[in-house]
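Enquirer: Questions regarding the structure given below will be posed in turn.
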Amino acid sequence: MVGWFAHSKKFFENDDHGLDQIGNIGYGSYNPILNLGTLGIFLLLYFVKILGLIPIKCFNILTLGIGRNFFTKTFNALFWGEFIFIFINGYIEILISSILAYKAPKGSPDNTDFFFGFAMFLLYIALILIPSLLLWIVIF
């Protein structure tokens, strides 16, 4: 097996933690970024767009309202369009890849602080933020 994550996949295949069912549905490592696949790319692009809005908001504050309409339209498109679409459509995939990263054994190459932190961030989004936002939408 050749590739960046060959060591990760080899460890996952040889692991004896009863994850045969997870392997059968297409997950091949404990790495949450690798397991997310295309959804991970969409998440990365989403957060790049959010980081791109920060200078626009700062410019908006400094210039006392110039560009407010552009910021409002872009923020609404990012939040109501992309955020809800990405996280609701990928909810189960986010949960599975986060739990796999959380349960990575000590000898795994995927048991790093970065992957653990990323998995906790995704679990926070999936278990706290999305249900709270959906509740907020229903109430208000």
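The values are calculated or read from the model by the stated rules, or taken from the named source; none is laboratory data. From a predicted model like this one, the values you see are computed outputs, not experimental measurements. We place every Cβ from the backbone using ideal geometry, glycine too, and count neighbours over all the protein chains shown.
Enquirer: Name the single residue, out of those in the stretch 55-87 being loosely packed, with under 14 Cβ neighbours inside 10 Å and under 22 Å from Phe118 (Cα atoms), that is modelled with the highest pLDDT.
Expert: Out of the qualifying residues, it is Phe85.
Enquirer: For the stretch 78-108, which positions are touching a residue at least 60 places away in the same chain (Cβ under 8 Å) and either part of a helix (DSSP H, G or I) or touching a strand residue (DSSP E or B) at 6+ places or on another chain (Cβ under 6 Å) (or both)?
Expert: Ile96, Ser97, Ser98, Leu100, Ala101
Enquirer: Against the condition over 30 Å from Ser29 (Cβ atoms), over 13 Å from the mean Cα position of the chain (by Cα) and at pLDDT 85 or above, how does Ile139 come out, does it pass?
Expert: Yes, satisfied.
Enquirer: Just one of Gly52, Gly90, Gly28 is modelled with pLDDT of 70 or more, farther than 20 Å from Ala126 by Cα and surrounded by 15 or more Cβ atoms within 10 Å (Cβ to Cβ); which is it?
Expert: Numbers: Gly52 fails: surrounded by 15 or more Cβ atoms within 10 Å (Cβ to Cβ); Gly90 fails: farther than 20 Å from Ala126 by Cα.
Gly28 is the lone residue from the list that is modelled with pLDDT of 70 or more, farther than 20 Å from Ala126 by Cα and surrounded by 15 or more Cβ atoms within 10 Å (Cβ to Cβ).
Enquirer: Can you find a residue that is at pLDDT below 85 and surrounded by fewer than 14 Cβ atoms within 10 Å (Cβ to Cβ) anywhere in the stretch 113-125?
Expert: The answer is no; no qualifying residue exists.
Enquirer: Which of the residues belonging to the stretch 109-140 are free of Cβ contacts under 8 Å to residues at least 12 places away in the same chain, among the β-branched types (Val, Ile, Thr) and in a helix (DSSP H, G or I)?
Expert: Ile128, Ile137, Val138, Ile139
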